[in-house]
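Single-structure report; data block below.
Just so you know, all these numbers are worked out from the coordinates, no wet-lab data involved. Please read all numbers here as calculations on a predicted model, not as lab measurements. With ideal geometry, Cβ positions are generated from the backbone for all residues, glycine too; neighbour counts draw on all protein chains shown.
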Amino acid sequence: MPTRFFNTYSRELEEFHPLDPAGKRVKLYTCGPTVYNFAHIGNFRAYVFEDLLQRHLEARGFDVERVMNLTDVDDKTIKGCRQLGVRLAEFTKKFKDAFFEDIGTLRIKRAKDFPAATDYVAQMIEMIRVLEKKGIAYQAEDKSLYFRLSKFPEYGKLAHLNLDELRPGVRVQSDEYEKENIGDFALWKAWDENDGDVKWDSPWGPGRPGWHIECSAMATALLGPEIDIHCGGVDNIFPHHEAEIAQSECVTGKKFVRYWMHCAHLMVEGQKMSKSAGNFYTLRDLLEKGWTGREIRYALITVNYRLPLNFTFDGLSAARSALQRIDEWTERLKLHAGLQIPISEYFSTTLAGMNPKEATSYLLSKYKVVSGSELRKDTDGILAYGERFFDALDDDLNISGALSHLFNLVRETNRALDAGTLTDGQAVIALHVRNQIDSILGLSPDIRNIPAAVLALVEQRQVARANKQWAESDRLRDAVAELGWVVKDTKEGPKLTPKD
Ligand code: AMP
Ligand code: ZN
């Protein structure tokens, strides 16, 4: 089955084919955070959805070239730094750093580039100059430059607006505005005293770029004039993405984006989670309450991206239970297959990037379970669960459908384990399917903050335990404690917690 995505532009499911004639390279642009505050988990719903998209495309063999921008100059960042009386770069650095830490916690794969808007002001000015030459941009009495909407009849097509009633001469200064207030939008905002020392020289005097031209310029500079997929939350459709299309297409004369994908909002009691509504949790708020990165990731990723996701603590508890179920199943399979997998492997995703053939031979050579032909015979049924998981994702990232195949596999193999009918080979291949699925879900336990020295000791201790060297195992437990960590043996394997 081909991969299909819902394209906001056409409002239809479309087969996905990248522009690359070799069909391999995918150019993906995703609107990133405005770094004036810690991102909230509504923002992270968007980034986790984009991560799911990237990981699935990679699982299907595409090379994804992803760019995610950082909006580090706009009305909000300027206001923030002025309130604190610090320089813009100093103000935004704190939130940039926090953002990178947070995407690590949520196992979001890093983009190829994270351009900051302030590094691309020259490219923005250049685009505006081209628009001015073409008579599309004009300088108004307030010295700011505006995009003349009447020059771009396609405006409104993405958001499916009927713009028969464009009111010529109406202008909007702010980056965000309601559909009723559509008018010529700002490309370049002339400096005024509210901007303090935030300003750049331009052919039109000192000022700063509008938010929309930032993304057009960074996308074009890093990915070229034609992009395969452009993502964001649904609130980005209008006016931000509509404006990006107008600016980019008027400059380059090319179709800017082929597939537009937008995720529905994370909601709290029927309202969009947002900073302005004050109904938000940052990732840090939830970590402080004892939830882990992988639990929050799971809760965000497992509702199909086009459906609103209602945020609740019950939802997080359900994520915790689902992950425990997967962990217990994984441990049962390992025990059954007689795999004394060392802790480093347990915590890693070595197998995740391999195709079934590679993984099978890797596991065979490493753990010498069964012979190849014997393995194939009784494992095709197990591998099929993995195939169905990825087929479901081909259908517009239908993650809930995909998960039902995973949990069917869990149930079937648990039943066979209970009945004593699961073969060693089946256990190994079920583990392999689990690891393939892990390449999408990011299931491995949270070990980001555990020092390597501690992990190494725990690994040695696992080997000692497997060899029933109990005194050595106790000694290693003490050595771990000396480094400030407590190791507890549980059904799902060793658990590490920092000593109080
Ligand atoms: P911002 O920092 O406001 O520019 O938003 C960054 C990204 O988060 C954009 O793609 C938004 O569409 C997205 N976003 C903001 N709030 C939510 C929400 N409650 N649910 C899902 N996505 C959101
Ligand atoms: Zn953007």
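Structure above, values below:
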item: Separation in nanometres of the label points that stand 7 Å from Cα toward Cβ, at LYS134 and SER321; result: 5.6 nm
item: All Cα pairs of region 4-284, percent lying beyond 22 Å; result: 58 percent
item: About the Cα centre, charge dipole magnitude for region 19-155 (Lys/Arg +1, Asp/Glu -1 at Cβ), debye; result: 120 debye
item: For region 4-284, with +1 on Lys and Arg beta carbons and -1 on Asp and Glu, the positive-most of GLY61, THR220, GLY85 along the dipole; result: GLY61
item: Value of relative contact order over the chain, rounded to a whole percent, pairs C-alpha under 8 Å and six or more apart; result: 16 percent
item: Between 0 and 90°, nearest 10: helix 313-337 axis offset from the chain longest Cα axis; result: 40 degrees
item: Exposure proxy order (Cβ contacts within 10 Å, fewest to most) of CYS215, CYS231; result: CYS231, CYS215
item: Selected from HIS40, TYR29, ILE301, residue furthest toward positive end of dipole (the chain; charges at beta carbon); result: ILE301
item: For region 248-261, 3J(HN,Hα) per residue [Karplus equation, 6.51 cos²θ - 1.76 cosθ + 1.60, θ = phi - 60°, Hz, x = Gly/Pro]; result: 5, 5, 5, 7, 9, x, 10, 6, 5, 9, 9, 10, 9, 10
item: Bins of 5 Å, starting at 0 and running to the largest distance - Cα pair percent for region 111-201; result: 3, 11, 19, 22, 18, 15, 9, 3, 0
item: Contour excess over end-to-end distance, with Cα ends at ALA89 and ARG306 and 0.36 nm allotted per residue; result: 74.6 nm
item: Cβ charges +1 (Lys, Arg) and -1 (Asp, Glu), total dipole of the chain, debye; result: 900 debye
item: Stokes-Einstein diffusion coefficient of region 395-465, Kirkwood radius over Cα pairs, 25 °C, 0.890 mPa s, in µm²/s; result: 165 µm²/s
item: Residue exposure sequence - GLU178, GLU295, GLU214 - by fewest surrounding Cβ within 10 Å; result: GLU178, GLU295, GLU214
item: Loop chymotrypsin sites (Phe, Trp or Tyr not before Pro), region 102-198, which have at most 15 other Cβ atoms in a 10 Å radius of their Cβ (DSSP); result: TYR177
item: Links that overshoot a 24 Å alpha carbon limit, given the list LYS468/LYS495; LYS112/LYS495; LYS27/LYS275; LYS76/LYS289; LYS27/LYS76; LYS79/LYS199; result: LYS112/LYS495; LYS27/LYS275; LYS76/LYS289; LYS27/LYS76
item: Given charges at beta-carbon only (K, R positive; D, E negative), |dipole| of region 88-130 in Debye; result: 180 debye
item: Cα-based helix-to-principal-axis angle, 75-84 vs the chain, degrees rounded to 10; result: 80 degrees
item: Integer Hz, Karplus 6.51/-1.76/1.60 couplings in order for region 2-12, x for Gly and Pro; result: x, 6, 10, 10, 7, 9, 4, 5, 8, 6, 9
item: Where only C-alpha atoms are counted, convex hull volume of region 382-500 per residue in Å³; result: 135 Å³
item: The chain: angle of helix 356-367 to the longest principal axis, Cα-based, in degrees nearest 10; result: 40 degrees
item: Selection from ALA466, TYR9, MET124, by position along the positive dipole direction of the chain (Cβ); result: ALA466
item: Per principal axis, descending, Cα span of the chain in whole Å; result: 83, 51, 40
item: Whole-percent pair-distance distribution, where bins are 5 Å wide, for the alpha carbons of region 243-283; result: 5, 19, 16, 12, 9, 13, 15, 9, 3
